[in-house]
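Encoded as structure tokens, the structure appears first; notes follow it.
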Amino acid sequence: MRAIEFKSKIKDNKILIPRSVRQELADEQDKNVRIVVFVKDGDVYDEKAYRQMTRSQFLKGYADSDGIYDL
């Protein structure tokens, strides 16, 4: 599974797919997908803080010994 991230708007209860992503999804027609929607609610959703938190949580899954794989 791979993830494709983009910003969009909901219009007429449809999520608009940006032109820049459409070509990437052209071969994915009729396949099941999983959609996660983050809705900005005032100042509650801070993208920079969210990215920092997810990065730190992701890196917690690695031990110092995993460093042998770093280039």
**Item:** Condition met for V37 (touching a strand residue (DSSP E or B) at 6+ places or on another chain (Cβ under 8 Å), without any contact (Cβ under 8 Å) to a residue 60 or more places away in the chain and not aromatic (F, W, Y))
**Value:** yes
**Options R55, R2, R34; residue that is assigned to a helix (DSSP H, G or I) and either of a type outside the set (V, I, T) or at pLDDT below 80 (or both)** = R55
**Asked** When region 37-52 is examined, which residues are found to be open to solvent by less than 100 Å² (accessible area, probe 1.4 Å) and modelled with pLDDT of 75 or more?
**Response** V37, E47, A49, Y50
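The values are calculated or read from the model by the stated rules, or taken from the named source; none is laboratory data. Everything numeric in this text was worked out from a predicted model, so none of it was measured. In this analysis, Cβ positions are derived from the backbone assuming ideal geometry, glycine residues included, and neighbour counts consider all displayed protein chains. All accessible areas refer to the heavy atoms of the entire protein, side chains included, with ligands and DNA or RNA removed. Shrake-Rupley method; radii C 1.70, N 1.55, O 1.52, S 1.80 Å.
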